[in-house]
Each structure stands twice: as C-alpha cells, then as structure tokens.
Amino acid sequence: MKTFLTHLLIAGLLLTGGAAIATDVADISLLKYPEPAGEKCVEPAEKMRREHMDLIQHQRDETMHNGVRGITAKHSLKGCIDCHVGYDDQDKAVSINAEGQFCQSCHNYAAVSIDCFSCHRTTPDGENPMRKSAMTNPHQ
Amino acid sequence: MTFLFATLFYISLGVLIVGVALKIRQYWKTPAPLKIPTMPAPTTQAGVVFRMAREVILFESLFRSTKWTWMFGWMFHFGLLLAFVRHLRYVMSPDFILWPLINNWLVQFAGQYASLMILFGLLGLLARRIFVDRVRYISAPSDYLMLILLLVITVSGIMMSFVTPIDIVSLKAFMMDLITLDSGHELPVSVPLVIHLGLVALLALIFPFSKLLHAPGLFFSPSRNQVDNPRERRHISDWAKKLES
C-alpha cells in the first residue's frame, strides 16, 4: 500500500509538472561553497538570506547616486567578495560566481540569476585584507 | 509548522489527483448521444485537435462571445502559466535535464511579473461579477469566494516576491524533502508564506469539487471535440448500439 501511494504521489508530481528527478544536488545540505574568511557577517545570516540583494542594492544607491563612500559602506559588494571568495590550489582567487562558489551555489539552486558581475569584478582587487593566509608571513 | 504543512501538502495533493482522476473518469464515461459540434466545425480529427488547441491556448469561443471577459480571463490564465513555470524552480533538482529551462533569467523574470497580470485579470473578473448586472444575477457565493481565494494567493505571492522576501533556498530544501520523502529541512515560516501555502493547499483540496474543473472539462465538451462528419460516419453511442441489435 505504501509503495502504491508513493507511486501515486510521484506520478502526480510528474503530472502536475513538478518533474523533479531528485538526486544528491537536490539536497541543500550537500551544497558546497568555501568557508568565509571573517568571524561573522555584517548582518545576521537569517537577514542576509532574505535581504542581501536589497542591502547591496541600497548600498549601490548610496554610493553611486548619493556619493556616500568609505567607512559607512557596511553593505558593499566588495566586502562580501573579500570575505566569501574561495581560492584554488595555486592560491589564486576563484570567481565568486563560478560553479561551487559562494554566490553561485545558492543562486543556481534557487534559479536566481545574478547581474552584479556584468559590471563588478568577481574576485578581490589586489591583496585581500580578509584573507587569513595573506596576513601570515609566507616565509615562516 | 513544518510537519503540519508537509502533512497538509500530501493530503491535498492526494485529494487533487484522486479527485480529478475520478472526475475525468466520470466525464469519459458520460455518453454524448448526439452529434453536436458547433459550426463551423472541422471535418477531420486533426482539425479538431487544432480547434481544441485554439480553444485551450487562445480561448477562442470566449473571445467571440465577450471581449472583456476574454481579456481578463486570458490575462489571468496566461499569467498563471508563466507563474507556474517560475514556481517549478522549487520542485526541480538542479541536475534535472529541464533545469536550464527553468534556471533562466527570462523565464524567472516573466514569471515574477506575470503575477501582476494575474492580479489585474482577477480584479477584472471580480469587477465583472460585481458590476455587470446579468453576471451578478447568476453569481453564487462560490463564484466570489473562488476569485477571492485566488486573489489572496496572488497577493501573498506578490508580497514575497516584491516586498518581504523569504528564504527561498530553505523553502526549496523543504519542498525537495517532500518530493524525496525525506525530512530535516524546516519550512522558513513567514506570514505571507504560510498564507500562500495554506491557501494553495486549500485550493488543491477543493479543486475536484469546484468550478475549477472547467480545466479538464473543456476537453470533454461535445460541441468542441466532435468532428463534423455525420454523413460520412454514423454517430452512435454504445448504449444505442445495443438497442439496435
């Protein structure tokens, strides 16, 4: 009976167009992306998950339209990238919107396209102050 | 809340599938003893398929009868289709073969703004019920309630899309749990989400018992699905055949 119901359920899901062949990528807990470099985010994670796009866009308006720059730029995209960017074997920063990287993982999972990077760079500019290894002495 | 909604979804989906299947069986078995295609009617089976496609996609006969109703009705239904395709992102695995079709800027954008088409269409249909005398005269409470139900679903969806965003990654994790019969991911509860999902479940529950059955019912309309060939082939139903012998 249970398998019958399961089959019925799956058939129904297919019928209603939810044609989901669920495999490992379907599981969010298996989404992989690099650990952030910093201690904690500029906002609680819960808020960031819901509102990061509005915060970043608001920062954009402040910076570009109102000309408010510098230390008050709490929600700058540059800060996001500095902290969340990943590095490859050669210690080179990987584009944050590349597969398996911080932005792309969730955005691909939820089918949300990112238009930040048609203008903005996807890696830190120059030496990244957030990078822990960058702060240690390479000769030690 | 997670458990409550998981249970509610399984039950309402079960009712929807079984209910609509039984209804379709009933429609299927209902005899059409007379040859009554509305003229001018196609004379071939392929022609009937084409006519039916025009009916389903363009609402042709509604267009011919009432332009206003057609405009709002078609807007609502087409918006619903676009929004439906956008919603597939919550139930489709990113490694499914159709994923690139859903994970597409244009598809998602169209689905998001289609909500305004849905809203406008529904408001038009509601206004029609209220302000057109002959329509108000034949309107039952269920006619209004169905429109209001759809309106609340639409507005709660618009809220999440444009005003108070929700954690869609967690939501998808919850939905994928439902599909894979797994558990462990909590529903990211928020007021518009609970309203949206609760009323969608309610909609699925009442679908097989409501006027929404016009969706499968359309295909069983004798005046639309019959071929105009009464002289070439005699139209006779099974029960009449038995009487003849």
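No lab work stands behind these numbers, since they all come straight from the coordinates. All values derive from a computational prediction rather than experimental measurement. Note that we place each Cβ from the backbone using ideal geometry, even for glycine, and neighbour counts take in every protein chain shown.
Just a few scattered comments:
- Sorted by Cβ neighbour density within 10 Å, fewest at the top, the residues B:M160, B:M1: B:M1, B:M160
- Bridgeable aspartates and glutamates around B:K29 (alpha carbons under 19 Å apart, same-chain partners fewer than 8 residues away excluded): B:D238.
- In this rough spin-label picture, where each label sits 7 Å from Cα along the Cβ direction, the A:S118-A:D61 distance is 2.0 nm.
- Chain B, relative contact order in percent, only Cα pairs under 8 angstrom and at least six apart counted: 35 percent
- Fraction of the pair-distance distribution of segment A:31-121 above 23 Å, Cα-Cα pairs, percent: 24 percent
- Acute angle (nearest 10 degrees) that the helix B:2-29 long axis makes with the longest principal axis of chain B, alpha-carbon atoms: 10 degrees
- Put simply, segment A:26-82 fits an ellipsoid with semi-axes of 25, 13, 10 Å; these come from the alpha carbon gyration tensor as the roots of five times its eigenvalues, largest first.
- Segment B:183-245: trypsin sites (Lys or Arg not before Pro) in DSSP coil with no more than 13 other Cβ atoms inside 10 Å: B:R231, B:R233, B:R234
- Kirkwood hydrodynamic radius over Cα pairs of chain B, then Stokes diffusion coefficient at 37 °C and 0.692 mPa s, in µm²/s: 158 µm²/s
- The amide H of A:G86, built 1.01 Å from its N in the peptide plane, has A:V94, A:F102 as neighbours under 5 Å, considering only residues 5 or more places off or on other chains.
- Counting 0.36 nm for each residue step from B:F3 to B:I36 and taking away their Cα separation leaves a gain of 6.8 nm.
- Computed over Cα pairs, the Kirkwood radius of the protein assembly as shown leads via Stokes-Einstein (1.002 mPa s, 20 °C) to a diffusion coefficient of 86 µm² per second.
- Shape summary: segment B:1-122 maps onto an equivalent ellipsoid whose semi-axes, from the alpha-carbon gyration tensor, are 32, 23, 16 Å in decreasing order.
- For B:I102, A:I114, B:I130, order by how many other beta-carbon atoms lie within 10 Å, fewest first: B:I130, A:I114, B:I102
- Loop-located GluC sites (Glu not before Pro) in segment B:173-245 (DSSP state other than H, G, I, E, B) with a sparse environment of at most 12 neighbouring Cβ atoms within 10 Å: B:E232.
- A:D125/B:V191 FRET efficiency (R0 41 Å; Cβ-Cβ; nearest 0.05): 0.50
- Under 13 Å, Cβ to Cβ, from A:C119 - net charge with Lys/Arg +1 and Asp/Glu -1: +2
- Partner chain coverage, peptide B:221-232 - average Cβ within 10 angstrom: 0
- Segment B:155-245: C-alpha gyration tensor shape, a/c 1.5 cut-off, then a/b vs b/c: prolate
- Simple spin-label estimate for B:R25 and B:F84 gives 2.4 nm between the two label positions (7 Å along the Cα-to-Cβ direction from each Cα).
- Applying 0.36 nm per residue to the separation of B:V18 and B:F220 and subtracting their alpha-carbon distance, the gain on full extension is 70.9 nm.
- Extension gain, B:T180-B:I148: 0.36 nm per intervening residue step, less the Cα-Cα distance, totals 8.2 nm.
- Filter on A:K32/B:K172; A:K32/A:K74; A:K32/A:K78; B:K67/B:K211; A:K47/A:K74 - keep pairs with C-alpha separation over 18 Å: A:K32/A:K74; A:K32/A:K78; B:K67/B:K211
- Helix-only arithmetic for chain B: the sum of -39500 (n - 2.57) across DSSP H runs with n ≥ 4, divided by the residue total, places the mean residue ellipticity at 222 nm at -21500 deg cm²/dmol.
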